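Every read-out reported here was derived from the displayed coordinates using simple, explicitly stated rules and does not represent laboratory data. Predicted model, so just to flag it, every value in this text is computed and none were measured. Heads up, the Cβs are rebuilt from the backbone with ideal geometry, glycines too, and the neighbour counts pull from every protein chain shown.
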Amino acid sequence: MTCTEFLALLDELIDDTISAETRAQLQDHLKGCEHCEVTLNTTRKTIEIYRSHEVYELPASVRERLHAAIVARCKNGC
Amino acid sequence: MATIQVTGEDEPHPDVALVASALAGDVRAFETLIQKYDRQIFRIAQHITQNREDAQDVVQDAFLKAYEKLSQFQGNSKFYTWLVRIAVNESLMRLRKRRTGKMVSIDEDIETADGSVPRDLADWSPNPEQNYSQTELAAILRKTIQGLPHGFRVVFVLRDVDGLSTEETAETLGLSIPAVKSRLLRARLQLRERLSRYFRNKKAGEK
């Protein structure tokens, strides 16, 4: 397996949507390829970091204002 | 009344009852849905519009539109994906207004080249965030994701941050499943590459 072939299956590996056979082939490639191992680790970390840190916060005061405005208009039949 | 919505197996999704109550005139049930999803809708709108005021307007308009059209909600998709679809359309409309005369769609700005083999080899994966304050890290994450085309950003946010499935993301954005998959891979790789520029020089322990 080449690095390009490995990369084409990277998402499937991360999302765990591959067969046991393909997984074994990918793991085989990883044993001898530091480049792909680093790519896999850092891509996983990239996803995790975006999942666990809110990039855009909606402040409580803004939420309250928005809720009040939406609900008021819903009550008036929009 | 709303069609009974079934999520995969036999258990109806909790939103089904809330939608039904809202349709029957219970505004508080709809308020619960707002409480539940406003932050995600704001996040998606902000990622597309890149503008705080627009994103707040999108939250308001998307919920109002959803309320108005609640009787048209078919229940064969999740309420949330239906709501996101409305929010994505509202966000694109706002973007269009700001870039007057320029067509804006979810297909915009997409490079055709496939994800190339990454160049950056430094492994910063264990704990890069420990070297930054929350504010610094948020700024890095924002700057990094802003550099992506919005068609990539929104796929990444729906799939990886919101946790929607590939099928739900495709349905929400009106894209094919292969298109979602290819955008996700390229979004993940581009983000990884861009984050590497920050993290490779500041590995764990180095202040």
**Asked** For peptide B:187-194, how many partner chain Cβ atoms fall within 10 Å of a residue's Cβ, on average?
**Response** 5
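Give me the percent relative contact order of the range B:128-199, please, defined on Cα pairs under 8 angstrom at least 6 residues apart. Intermediate results must be reported in sequence, preceding the final value.
On the way: 45 pairs, mean separation 26.4, N = 72.
Relative contact order for the range B:128-199 comes out at 37 percent.
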**Prompt:** Where the centre of each part is set by its Cα atoms, how far does the range B:34-60 sit from the range A:12-50, in angstrom?
**Reply:** 33
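Calculate, for A:ALA60 and B:ALA122, the FRET efficiency according to 1/(1 + (r/R0)^6) with r their C-beta to C-beta distance and R0 41 Å; round to the nearest 0.05. Walk me through the numbers on the way to the answer.
Details: r = 39 Å, r/R0 = 0.95.
Result of the calculation: an efficiency of 0.60.
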**Loop sites in the range B:10-87: trypsin sites (Lys or Arg not before Pro), DSSP, at most 16 other Cβ within 10 Å** = B:LYS69
**Asked** For the protein assembly as shown, max minus min Cα coordinate along each principal axis, in Å, sorted largest first?
**Response** 64, 43, 40
**Item:** Paramagnetic reach from A:ILE18 (point 7 Å along Cα→Cβ, amide N under 16 Å) across the range B:170-190
**Value:** B:182, B:185-186, B:189
